[in-house]
């Protein structure tokens, strides 16, 4: 092997040994973070220590509950369009049902007799005018 490759391998081996020695120290440091008391937390407190993976979930939730209990997080932003309870139907305004009934009676009531006669006369005249334009030789009734 060339000297350059040996130097590379020696350096890599030395760095690997140094990394193996340093790793137990980091493991000791990363065991459990020191947490402040939950009662002493304020909005300005540092909550980063509570988000560590070694912290129990119940302690994390308690810290977050304490943080979000601050009134600064309970402000409506005006974008909550669907906050209302849409399962409750709006009551009809007064008089609306009376107007609906009145319109229903007008629309569904039978037409007065005078209108019936006028419609029948118009229907009788309409076929006569249409037959006047037709060639009598092509009329099927003429046969």
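Some observations on this one:
Residues are listed down the side, and each one gets a yes or a no for (1) in a helix (DSSP H, G or I); (2) closer than 27 Å to residue 73 by Cα; (3) at pLDDT 90 or above:
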residue	(1), (2), (3)
7	yes, no, no
19	yes, no, no
22	yes, no, no
25	yes, no, no
28	yes, no, no
32	no, no, no
39	yes, yes, no
49	yes, yes, no
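- Hey, residue 123 on the phi < 0 side of the Ramachandran plot and either within 58 Å of the chain's Cα centre (by Cα) or at pLDDT 75 or above (or both) or not: yes
- Whenever a residue of region 77-105 is in a loop (DSSP other than H, G, I, E, B), its partners that are surrounded by 10 or more Cβ atoms within 10 Å (Cβ to Cβ), lying with C-beta atoms within less than 9 angstrom and at least six residues away or across chains, give the pairs 92/100.
- For region 64-76, a tally of residues being in contact (Cβ under 8 Å) with a residue 12 or more places away in the chain and either in contact with a strand residue (DSSP E or B) (Cβ under 9 Å, 6 or more places away or on another chain) or exposed (fewer than 10 other Cβ atoms within 10 Å of the Cβ) (or both) returns 1.
- In the condition set (1) closer than 30 Å to residue 35 by Cα; (2) at pLDDT 85 or above, residue 104 is compliant with all but (1).
The values are calculated or read from the model by the stated rules, or taken from the named source; none is laboratory data. Please read these numbers as outputs of a predicted model, since none were measured by experiment. In this analysis, Cβ positions are derived from the backbone assuming ideal geometry, glycine residues included, and neighbour counts consider all displayed protein chains.
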